[in-house]
1. Would you mind telling me which residue in A:Arg34, A:Arg117, A:Arg402 has the biggest mean-square fluctuation in a Gaussian network model of chain A, where springs connect alpha carbons within a distance under 10 angstrom?
2. Can you show me the helix-derived [θ] at 222 nm for chain A, built from DSSP H runs with n ≥ 4 at -39,500 (n - 2.57) apiece and divided by the number of residues, rounded to the nearest 500.
3. Report the gain in length on full extension from A:Trp150 to A:Ala417: 0.36 nm times residue separation, minus Cα-Cα distance, nm rounded to one decimal.
4. Summing -39500 (n - 2.57) over the DSSP H runs of n ≥ 4 in chain B and dividing by its residue number, what mean residue ellipticity at 222 nm do you reach, to the nearest 500 deg cm²/dmol?
5. Over the Cα atoms, compute the radius of gyration (one decimal) and Dmax (the largest Cα-Cα distance, rounded to a whole number) for segment A:216-433, in Å.
6. Among A:Pro365, A:Pro210, A:Pro109, which one shows the biggest mean-square fluctuation in a GNM of chain A, springs joining Cα atoms closer than 10 Å?
7. Which ³J(HN,Hα) values, rounded to whole Hz and listed in residue order, are derived for segment A:335-344 from phi using the Karplus coefficients 6.51, -1.76 and 1.60 in 6.51 cos²θ - 1.76 cosθ + 1.60 with θ = phi - 60°, glycine and proline given as x?
8. How large is the direction-averaged shadow of the alpha-carbon convex hull of segment B:142-272, in nm²?
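The values are calculated or read from the model by the stated rules, or taken from the named source; none is laboratory data. Keep in mind it's a predicted model, so treat the numbers as computed, not measured. Positions of Cβ are backbone-derived with ideal geometry, glycine not excepted, and every protein chain shown enters the neighbour counts. Surface areas here come from the heavy atoms of the whole protein model, side chains and all, with no ligands, DNA or RNA. Shrake-Rupley method; radii C 1.70, N 1.55, O 1.52, S 1.80 Å.
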Amino acid sequence: MTDLVQQDVRTQETRAMSVTATKSRYQSAEFSDRLRRRYAAERRFRLAGMAAVGIASLMLVVLLGSIVGKGYTAFWQTQIRLEVTLDKTQVEEGNYMPVLRQALYAVVPEVTDRAGRRSLNELLSSGAPYQLEAMVKANPSIVGTKQTVWVLADDEVDQFMKGFIRRDVPESERRLNDIKIGALDKLAAAGAVKSAFNTTLFTAGDSREPEQAGIWGAIVGSFLTLVVTMLLSVPIGIAAAVYLEEFAPKNRWTDLIEVNINNLAAVPSIIFGLLGLAVFLGFFGMPRSAPLVGGLVMALMTLPVIIIASRVALKAVPPSIREAALGVGASPLQTVAHHVLPLAMPGILTGTIIGMARALGETAPLLMIGMVAFIVDIPHGLTDSATALPVQIYMWADSPERAFTERTSAAILVLLAFLILMNGLAVFLRKKFERRW
Amino acid sequence: MSVQTQFPTASAPLRSATGGPLLKMVARDVKVFYGAKQALKGIDLEIQENRVMALIGPSGCGKSTFLRCLNRMNDTIENCRVEGLIALDGEDVYGHAIDAVQLRARVGMVFQKPNPFPKSIYDNIAYGPRIHGIATHRDELDEIVQTSLERAGLWNEVKDRLREPGTGLSGGQQQRLCIARAIAVSPEVILMDEPCSALDPIATAHIEELIDELRENYTIVIVTHNMQQAARVSQKTAFFHLGEMVECDDTEEIFTNPRDERTQGYITGRYG
Ligand SMILES: Nc1ncnc2c1ncn2[C@@H]1O[C@H](COP(=O)(O)OP(=O)(O)O)[C@@H](O)[C@H]1O
Ligand SMILES: [Mg+2]
């Protein structure tokens, strides 16, 4: 027994000795040094990668932070409570503004001079009488009675209440004079000033007055434009990709077409706008500022993106699937329709949605075809004058009022939300239909 | 692609000059070019009905190319050109009488790598019959699926999970699924291109048994790199070398008494 064990130990020793004797180059000091350097290089690379990701994330946080920081106040809007007497004759003549003003004067009876009263007038939004009118229309029985109403404050009042106009500045340099501030203090003390959710922002079209301006018109304009874009570019783009990838002979012509499609995808969007201006407006005489034309231009711009993405998705379908289908006697069209296209669909949809998201965020081509106009009405059809969300942002960013600055940021947030939603949908679709074969 | 046929209305004999069994497929002076490169240099071959013909030869000698001519799978390859005559039941398959889609329904194919559709087992089998309108009713289709799977020796293993994806089966099961899929459209000829090269020995044995059983109803052409396999499953063997068909004879003859020294060299393992 012990003999056996000893023998075993001995064989192990000899084995170990023979290993050291023929020490391979992979065990040499030089090699381990090389190995160490390889690992060090890998660590450096990882650190560099992490730093890059860190910097990118930081910039994103700064960007989003500044937009949110500037924009979140726009979701609230100051309102003023007034005790109005709905005098019958004034209502019948449609003089709602005097009704509101009388109520306001009653709050600060000490201000009696013309200039002071004009200051008081400026506390209310020019949209306030329409609110009152709507109330009366909805419930005519209140005519002749006393009512408590909350009406929109002027945008400067709103900015003052949000603290963007400071009261410790000399009156001459302040946007709100002492009379206004005095009246507001009195109203606030009586609980007659409140900050309410800014529904106007989501229901109204554009306006010269910030407190009456909204993005709904722009959202509808963007939606109509995108509908046209999608209806045109998706079927045409997929059909073109399927033809080029699955049916077209590979020759000089298809090579030329391929090069051109790739080039088109890189053409600056404003060029497409100029094209739209020249062709759709100039040659075909289509209406200016119309979502129809915007959609056509965006479709031209999105087509190459969709074609390229679809071709990539089609290429990724393994040829063995095509052979399998052809092998049981499917025609080439059946092969594509029953097998290749369904497998490529997630990729195609992802590309399409990303193309659509790009179209949604695009401004330049719309400027060229007149979708940059000041449009108050909500568009109802493809040929109505309309603007789009990014163009609305562009226009508001140009406005001097402080209240438009915060609305610009708010509109950017809404646009970002839509873009995130669309890209999220693309990721979701890709994950859901991802297949391995 | 452009297919050039020298004899657009040509036809081939249904029996060989010496009599014997019916000739299911006949190849006469088949030349294939990939662009300027010639892959087949005039192949003459007769494939007998209800027999298994094995094609052997070193890699790159054109076995797959020849096989793919038999059901015009080469049509899908860009700049592939086929010359010569290939006949099915005496009719030129590149002629006007036979359409490529129709031909592939009559001459089925099993590929080297199992390639089930990423669909359910049931749909894998039912796809062919559906597009060819072989089955109109649900129960007819069910029956085709069952008999095809039974013939492929897969029914007992999958009968409880016909709705599960065919890609979830093991490699050997997938290949039998592909054979069942080929059988489901009731072809006359089944072409198999190294059907076992991706399979383990047990799965290979399964498929070999299956091929032997299928011979009763189908004509089979199989490409293989495995000499034993060729010897086990085939009655006729053709040896290909550098784009030429060197010799074709009864399998026993080829393996025991090859006439050409290249054949002898290959089967004794001197090169390949
Ligand atoms: N699609 C193709 N394009 C160009 N050449 C090909 C193609 N397929 C096969 N070949 C060439 O044809 C010859 C025969 O190939 P193949 O039939 O696949 O041989 P085997 O199946 O006997 O290994 C090879 O030289 C190969 O390189
Ligand atoms: Mg091959």
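1. Residue with maximal mean-square fluctuation among A:Arg34, A:Arg117, A:Arg402: A:Arg34.
2. On the way: 18 runs with 272 residues, N = 437.
Estimated from H runs of four or more residues: -20500 deg cm²/dmol.
3. On the way: separation 267, 0.36 × 267 = 96.12 nm, distance 3.05 nm.
So the chain would gain 93.1 nm between A:Trp150 and A:Ala417.
4. Details: 10 runs with 93 residues, N = 272.
For chain B, the value works out to -10000 deg cm²/dmol.
5. Values for segment A:216-433 (Cα only, Rg and Dmax): 19.6, 70 Å.
6. Among A:Pro365, A:Pro210, A:Pro109, the largest mean-square fluctuation in the Gaussian network model of chain A belongs to A:Pro109.
7. Coupling constants for segment A:335-344: 4, 5, 5, 8, 10, 6, 5, x, 6, 8 Hz.
8. Details: hull surface 35.2 nm².
Directional mean of the projected Cα hull area for segment B:142-272 stands at 8.8 nm².
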